[in-house]
Amino acid sequence: MDSLSVRTMRSDLVKKGYPRAPNRALLRALGVTDREMDLPFIGIANAYNTVVPGHMHLRSISERVKEGIAAAGGVPFEFGVIGVCDGIAMGHEGMRYSLPSRENIADSIEVMVQAHRFDGLVCVGTCDKIVPGMLMAAARLDIPAIMVTGGPMLPGSLGGRDLTLTDVFEAVGKVAAGTMGEDELHGLECAAMPGCGSCQGLYTANTMACMTEAMGMSLPGCAAIPAVDAAKLRVARESGEVAVRLVKEGVTSRRIITLESLRNAVRVDMALGGSTNTVLHLMAIAAEAGVPLTLADFNAISDAVPHISHMQPGGPHSMVALHRAGGIPAVLHAIMEHLEEAPTVSGRSIRSIAAAAAVLDTSVIRPTEHPVHAAGGLKVLHGSLAPSGAVVKAAAVDDAMWRHTGPARVFDGEDAAMKAILGQKIREGDVVVIRYEGPRGGPGMPEMLSPTAALVGFGYRRVALVTDGRFSGGTRGPCIGHVAPEAAAGGPIALVREGDRIAIDLHNRRLDLLVDEETLKSRRYEWTPVKKSLSGILSRYSATVGGAEIGAVQR
């Protein structure tokens, strides 16, 4: 990308010299003054909409960003970015559009920045695919950029108990099992989500906000500040000011997004036990930045960094509790011995931020000597069922299910599995296999919160779920996703038959199909992939997307 300085700015290409008089005339139509023509032009990619609870407050955050940009000597230009609410899209065909939206977001920001030659970029967003899509764009463009994440929602409350969205999903299984009435479910539904912000636990949206801060792309403390807290507005104002400084100093995104900073993000992920989706997203961001992050990095870091904060959905703590305990700076402080030095958009190094922080509640952020689990919260598995890898949130799996062998219950798609679960056709000990839901075969690698939450709601203790699709960050239990190669690509998961024995061993990171090689060869000879009738974006996505093991990036 173009080099940046105060004297030679990218935006000069649209505003300097007599040939650019028509361009300047259009800028003047926006109210740009003569003085502002000489200032850095800063784009603001704002995911505000009135569809997604995590986005409906972003207009006010963006206004504060604008103020910060103007106060620091820049000119703000705001444009919109789409966003899918994964919770609303969950459990139906709409979920197939969620992961593809990540690529659309990155592409649309690239279009706006490149077409209008912005000198810098502030990304204002929250939720599952929006934050990674914005970071992918920042890495791809390699201009000065900073992220402002919108913050978590406050917990709901009913009968003196804190609630999150997962409580509602799991209650569906309880109603199906007959242990909860629909009137009680309605009361829960009305109380669980009290207002704006990303869903309350360490689900994908909040995990990605934490990863953004840990990799140095947002200001210290930003990730865990609740959406309704005035501190979020202050961070937004400061972020606008910082964006102008980054332009003046020529600090571009790839100076911040490096192998070291991405590994630091993985370290925080392991310490918190975040969403399995972060594996997909961090690898996609790394690909855009030209950084060689691999699945092996996740396992190596998992061995070194303990799981020290028992966050929802696997544990009791919400994002508000994490904020009150000191937020991500406090987590960095707790694992400082594991951190690699790396710069951040704040101008301070990550280790200096860690050193200056303090853990304010050791029941939420434990010392590394007294962790929740000795190893990190995520594990990448390999074996005969997943030769290219699979991912599990080990932090949310009961110790008794870290080793399990059971018969396969095979379903070609989520809908068929959900009908079997709600029809109480699953037995304790089963390994539910949901296939043809990967990036290519789904297409779009839909999340599986509905079946996993239903299993929990029914009270199953010894049922595992294995899929080439994804799991919501709200999933808990022995749920293994991202199985690669996927079924549509002819991976071994396509060859599993009803009753086959599947062995899971999280201790040794193994996922194996206990069927002899000769039988599998015979099955492969007979195998034909499931074909789906596709059109529009899903057709284009299916034809160009890569496997989960490389972040499901489009080729």
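The values are calculated or read from the model by the stated rules, or taken from the named source; none is laboratory data. A quick note: this is a predicted structure, and the numbers were derived from the prediction, not measured. Using ideal geometry, Cβ is built from the backbone for each residue, glycine included, and neighbour counts are taken over all protein chains shown. Side chains are part of the model used for accessible areas, which takes the heavy atoms of the whole protein and leaves out ligands, DNA and RNA. Shrake-Rupley method; radii C 1.70, N 1.55, O 1.52, S 1.80 Å.
As an exercise: evaluate Arg470 against (1) open to solvent by less than 10 Å² (accessible area, probe 1.4 Å); (2) within 16 Å of Val545 (Cβ to Cβ); (3) out of contact with any His (no Cβ under 7 Å at 6 or more places or on another chain) and give the number of the one condition it does not meet.
In the conditions (1) open to solvent by less than 10 Å² (accessible area, probe 1.4 Å); (2) within 16 Å of Val545 (Cβ to Cβ); (3) out of contact with any His (no Cβ under 7 Å at 6 or more places or on another chain), Arg470 misses (3) alone.
When you scan segment 94-116, do you find a residue that is without any contact (Cβ under 8 Å) to a residue 60 or more places away in the chain, assigned to a helix (DSSP H, G or I) and β-branched (Val, Ile, Thr), even just one?
yes
For segment 429-454, give me each residue that is in a helix (DSSP H, G or I) and either surrounded by fewer than 24 Cβ atoms within 10 Å (Cβ to Cβ) or polar (S, T, N, Q) (or both).
Ser450, Thr452
Kindly indicate whether any position in segment 310-319 is touching a Pro at 6+ places or on another chain (Cβ under 7 Å), assigned to a strand (DSSP E or B) and within 20 Å of Cys479 (Cβ to Cβ).
Checked segment 310-319: no residue is touching a Pro at 6+ places or on another chain (Cβ under 7 Å), assigned to a strand (DSSP E or B) and within 20 Å of Cys479 (Cβ to Cβ).
Can you name the number of the only condition in (1) under 22 Å from Ala395 (Cβ atoms); (2) modelled with pLDDT of 95 or more that Leu520 fails?
Going through the list (1) under 22 Å from Ala395 (Cβ atoms); (2) modelled with pLDDT of 95 or more, Leu520 breaks only (1).
Can you go through Leu99, Leu30, Leu58 and tell me which one is out of contact with any helix residue (DSSP H, G or I) (no Cβ under 9 Å at 6 or more places or on another chain) and buried (at least 18 other Cβ atoms within 10 Å of the Cβ)?
When all the criteria are applied, what remains is Leu58.
For (1) over 29 Å from the mean Cα position of the chain (by Cα); (2) of a type in the set (Asp, Glu), each residue gets a yes or a no:
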{"site": "Glu498", "(1), (2)": "yes, yes"}
{"site": "Arg501", "(1), (2)": "yes, no"}
{"site": "Arg510", "(1), (2)": "no, no"}
{"site": "Lys532", "(1), (2)": "no, no"}
{"site": "Gly536", "(1), (2)": "no, no"}
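Taking segment 362-398 as the region of interest, how many residues are hydroxyl-bearing (Ser, Thr, Tyr) and touching a Leu at 6+ places or on another chain (Cβ under 9 Å)?
2
Yes/no matrix, rows are residues, columns are (1) closer than 18 Å to Met270 by Cβ; (2) under 23 Å from the mean Cα position of the chain (by Cα); (3) surrounded by fewer than 21 Cβ atoms within 10 Å (Cβ to Cβ):
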{"site": "Val320", "(1), (2), (3)": "no, yes, yes"}
{"site": "Gly327", "(1), (2), (3)": "yes, yes, no"}
{"site": "Val331", "(1), (2), (3)": "yes, yes, no"}
{"site": "Met336", "(1), (2), (3)": "yes, no, yes"}
{"site": "Ala342", "(1), (2), (3)": "yes, yes, no"}
{"site": "Ala358", "(1), (2), (3)": "no, no, yes"}
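Taking Leu39 as the residue in question, decide whether it is free of Cβ contacts under 8 Å to residues at least 40 places away in the same chain and crowded, with 21+ Cβ neighbours inside 10 Å.
Yes.
Taking Asp119 as meeting all but one of (1) of a type in the set (Asp, Glu); (2) open to solvent by 10 Å² or more (accessible area, probe 1.4 Å); (3) more than 15 Å from the chain's Cα centre (by Cα), write down the number of the exception.
(2)
So, in segment 61-96, of the ones that are of a type in the set (Lys, Arg) and within 22 Å of Ala230 (Cα to Cα), which residue ends up most open to solvent (accessible area, probe 1.4 Å)?
Checking each candidate, the answer is Arg64.
Tell me, which residue of segment 255-293 that is modelled with pLDDT of 95 or more and among the polar types (S, T, N, Q) is surrounded by the most Cβ atoms within 10 Å (Cβ to Cβ)?
Asn264
What residue, among those in segment 389-414 that are at pLDDT 95 or above, of a type outside the set (A, V, I, L, M, F, W, C) and buried (at least 18 other Cβ atoms within 10 Å of the Cβ), is nearest to the chain's Cα centre (by Cα)?
Ranking the qualifying residues of segment 389-414, first place goes to Gly389.
Considering each residue of segment 223-237, count those that are within 22 Å of Gly74 (Cα to Cα) and touching a helix residue (DSSP H, G or I) at 6+ places or on another chain (Cβ under 6 Å), and give that number.
3
Ala416 passes all but one of (1) touching a Pro at 6+ places or on another chain (Cβ under 8 Å); (2) without any contact (Cβ under 8 Å) to a residue 40 or more places away in the chain; which number fails?
(1) is the only condition that Ala416 fails.
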